[in-house]
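Just so you know, all these numbers are worked out from the coordinates, no wet-lab data involved. Only a predicted model underlies this, so the values are computations on that prediction, with no experimental measurement involved. Note that we place each Cβ from the backbone using ideal geometry, even for glycine, and neighbour counts take in every protein chain shown.
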Amino acid sequence: MKRLCLLLLAVTLPLASLCAQSDEALPILVQVLGATDDPQAQLDILKGLADGLKGRRGVKAPAGWDAVAMKLGTGSNTQVKELVQQLSLVFGSASALADMRKQMLDAKAPTAQRLAALEALVAAKDANLAESLRQLLTDPALRGAALRGLATYDDAKTPAAILALLPSLTPAERRDALGTLAARLAFARPLVAALAAGQLAAKDLPADLVRQIRNYEQPDLNAALDQHWGTARASSADIQKQTERYKALLTAANAPKPDLAKGRAVFAKTCGQCHTLYGVGGKVGPDITGSNRADLDYLLHNILDPNAEIPNDYRTWNLDTKDDRSISGVMARQDATTVTIVTPNESLTIARSDIAKLRQSELSMMPEGLLQALPEEEVRNLIAYLRGKEQVKLP
C-alpha cells in the first residue's frame, strides 16, 4: 500500500484521496505533505485527504500531523488553512473545534469561510452545535446551511424553531426546512400536525417528503396525510383515472390560457430540486431538456406513474442512521468506509459505522402524487411550461 501511494502521488496528487481511505497510508501522505513547499502540491494533497476522509470522524491523527498542521495553518493560503482545520476536526482536535465555532459565528468573517466552518462542524457532529445553528436561522447568508445542518441533531427545540420561520422563508430555504422536518420521526410529527392545522398548505409539502414520512410506517401519520394531503400509492386503475382526468383538464376547449412563467415557478418548487431543464435544476434525476416533453401522453405517464419504468441509477435508497435520522436519495458512491447519497437538498456522505440500515427500494426516486396537491391552475401552467420549446423568465 505504501509503495502504491507513493507511486500515485508521483503521478497525480489528487489521487491522494484513494490512499486516504486507508488509515495505514495516512502517515505517508502527511510525510509527503510536510516535505513539500509547493503550494499547489500542498493544496492537492489536502484536497485528496479531505475527500478520502469525507464522512468520517474520530480518526486517529497520523504521526506528524500536528507539526504539519501548525506549519500550514499559519500560511497565507486561505483554502489551505480551511482544509487543515477541517482535517484537524476529523482527527478530533479540540482547538480546531473551538476555532471553527468562533469563525462560524463571526458575522464579520467572509460568508464562504463561515459556511465552510459550519459544514465542517456538522460533518464532525459537534455535539453542541444545534443551539448555534438555531441562532443562525436569523442570518440570511447561513440560514439554508443551518436548516440542513439541524437534521443531523435530534434536538427537541428544532421543529418549533423551523415551523415558526416557514412563512418568511424563500422557496429554497423552505425546501431545506421541510427536508429537515421530514428527516426524523420526532420532527415529522409536528410537521404533519402543522399540515392538519392548516398552518402549512398541502401544495407546499413536496410529494417526495410525504413518501419519506410514510416510510416511518406510523398509522396516525399516514391517516393524517391521507386526510390532509392525499392518499398513498395509487393502483393501476387509479392512475388510469388520474390520466383521463388531467388529460381532460389540459385539453378542454374553454380552459384558461396557461402562464408559462408561473409554470416555471411551479417547476422550480415541484420538480427543479431533482431535474434539470434548460440548464437549470438539480442532478438527482435525469436532465429532461431533450426528452419527449411535447407529447402530453408521455408527460402524464411519467409524472403520474413514475414507477412504471425505473432506470437503476434512479432507484431510491433509504438510509437510517444509528441516531434515528432517515435519508432517502440516489446512491452516488459507496466504498468500504462511507456511503454518499444525493437528496433533492444536498449530497450526504455517511460513515458506514453510523449506518443502522441501508436498503434499495423498488421505487423510483421520483414519487407518485406530484400533481395531487396542486390547484388546477398550477397544473395547467406547469404542464404548459414542460411542453414548451424554450426557457421563459420567472414571474
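So, R0 is 51 Å and r is the distance between the beta-carbons of residue 249 and residue 160; what FRET efficiency does that work out to, to 0.05? Intermediate values should be presented prior to the final figure.
Working: r = 39 Å, r/R0 = 0.76.
Efficiency, rounded to the nearest 0.05: 0.85.
Run the numbers for residue 313 and residue 63: contour at 0.36 nm per residue of separation, minus the present Cα-Cα distance, in nm. Before the final figure, lay out the partial values.
Values: separation 250, 0.36 × 250 = 90.00 nm, distance 4.03 nm.
Net length gain for the segment: 86.0 nm.
With +1 on each Lys and Arg Cβ and -1 on each Asp and Glu Cβ, and nothing else charged, work out how big the dipole of region 312-364 is about its Cα centre, in Debye to the nearest 20.
Working: 7 positive and 8 negative charges, 22 e Å.
So the dipole magnitude of region 312-364 works out to roughly 100 debye.
Using the 10 angstrom Cβ neighbour count as an exposure proxy, how do 348, 181, 49 rank, fewest first? Could the numbers behind the result be given before it?
On the way: 348 22, 181 28, 49 25.
Going from least to most buried by this count: 348, 49, 181.
So which residue, out of 96, 35, 69, gets the largest mean-square fluctuation from a GNM of the chain using Cα contacts under 10 Å as springs?
Greatest mean-square fluctuation among the candidates belongs to 35.
Among 247/389; 125/203; 247/283; 257/389; 257/283; 54/203, which pairs are too far apart, with a Cα-Cα distance over 26 Å? Could you put the intermediate results ahead of the total?
Numbers: 247/389 20 Å; 125/203 33 Å; 247/283 29 Å; 257/389 17 Å; 257/283 31 Å; 54/203 36 Å.
125/203; 247/283; 257/283; 54/203, as the Cα separations exceed 26 Å there.
Run the simple label-point estimate for residue 394 and residue 226 please: 7 Å along Cα→C-beta, distance reported in nm.
3.8
Select from region 329-395 those trypsin sites (Lys or Arg not before Pro) which occupy a DSSP coil region and have at most 14 other Cβ atoms within 10 Å, ordered by residue number. Don't jump to the answer; show the numbers that get you there.
Values: sites: 333, 352, 357, 359, 380, 387, 389, 393; in loops: 389, 393.
Listed in order of number, the matching sites are 389, 393.
Please arrange 310, 28 by how many other C-beta atoms lie within 10 Å of their C-beta, fewest to most.
On the way: 310 16, 28 21.
Placing the least packed residue first, the sequence is 310, 28.
Determine, from the Cβ-Cβ distance of residue 105 and residue 23 and an R0 of 25 Å, the FRET efficiency 1/(1 + (r/R0)^6), rounded to the nearest 0.05.
On the way: r = 32 Å, r/R0 = 1.30.
With R0 = 25 Å, the Cβ-Cβ based efficiency is 0.15.
Considering the dipole of the chain built from charges on the beta carbon (Lys and Arg +1, Asp and Glu -1) around the Cα centre, which of 77, 300, 162 is farthest to its positive end?
Going by the charge dipole, the pick is 77.
What residue among 268, 329, 316 has its Cα farthest toward the positive end of the dipole of region 248-372, where the charges are +1 on Lys, Arg and -1 on Asp, Glu, each on the Cβ?
268
Where in region 126-161 does the label zone of residue 216 land, with the point 7 angstrom along Cα→C-beta and an amide N cut-off under 16 Å?
151-161
Quote the convex hull volume per residue of region 224-314, based on C-alpha atoms, as a whole number of Å³.
Numbers: hull volume 13.2 nm³, N = 91.
Spread over its residues, the Cα hull of region 224-314 gives 145 Å³ apiece.
About the Cα centre, and with charges only on the beta carbon of Lys, Arg (+1) and Asp, Glu (-1), how big is the dipole of the chain? Nearest 20 debye, please.
Numbers: 46 positive and 44 negative charges, 68 e Å.
With Lys and Arg at +1 and Asp and Glu at -1, about 320 debye.
Quick one: angle between helix 78-90 and the longest Cα principal axis of the chain, in degrees between 0 and 90, rounded to 10, please.
90
Which value in deg cm²/dmol, rounded to the nearest 500, describes the helix-derived mean residue ellipticity at 222 nm for the chain, given -39,500 (n - 2.57) per DSSP H run of n ≥ 4 and division by the residue count? Walk me through the intermediate numbers first.
On the way: 19 runs with 197 residues, N = 395.
So the calculated ellipticity at 222 nm is -15000 deg cm²/dmol.
For helix 376-387, what angle does its Cα long axis make with the longest principal axis of the chain, in degrees from 0 to 90 and rounded to 10?
Between the helix axis and the principal axis of the chain, the angle is about 60 degrees.
Roughly how big is region 272-350's charge dipole about its Cα centre, with Cβ charges of +1 (Lys, Arg) and -1 (Asp, Glu), in debye to the nearest 20?
Values: 6 positive and 11 negative charges, 41 e Å.
It works out to roughly 200 debye.
When 147, 33, 83 are ordered from fewest to most other Cβ atoms inside 10 Å of their Cβ, what list results?
Numbers: 147 29, 33 26, 83 22.
So the ranking, lowest neighbour count to highest, is 83, 33, 147.
Can you pull out the chymotrypsin sites (Phe, Trp or Tyr not before Pro) in region 259-336 whose DSSP state is coil and whose Cβ has at most 16 other Cβ atoms within 10 Å?
Values: sites: 267, 278, 298, 314, 317; in loops: 278.
Here the chymotrypsin sites (Phe, Trp or Tyr not before Pro) that fit, given the DSSP loop and packing criteria, are 278.
Any chance you could give the angle, 0 to 90 degrees and rounded to 10, that helix 171-181 forms with the longest Cα principal axis of the chain?
Around 80 degrees separate the two axes.
Which aspartates and glutamates, if any, have their Cα less than 14 Å from the Cα of residue 81, not counting same-chain residues under 8 positions apart?
44, 66, 99
For a quick check of your reading of the filter: which chymotrypsin sites (Phe, Trp or Tyr not before Pro) in region 196-257 sit in a DSSP loop and have no more than 16 other Cβ atoms within 10 Å? Please list the in-between numbers first.
Numbers: sites: 216, 229, 246; in loops: 216, 229.
For chymotrypsin sites (Phe, Trp or Tyr not before Pro) across region 196-257 that sit outside H, G, I, E and B with at most 16 neighbouring Cβ atoms in 10 Å, the list reads 216.
Taking R0 as 41 Å, what's the FRET efficiency between residue 353 and residue 37 from their Cβ-Cβ distance, rounded to 0.05? If you can, show how the numbers build up before the last one.
Numbers: r = 36 Å, r/R0 = 0.88.
Using R0 = 41 Å, I get an efficiency of 0.70.
Please return the longest range in the chain lying between exposed loop sites, taking GluC sites (Glu not before Pro), DSSP loop only, at most 10 other beta-carbon atoms within 10 Å, and leaving the sites out. Kindly include the intermediate steps, with their values, before the conclusion.
Numbers: sites that count: 217, 309, 390.
The reported range is 1-216.
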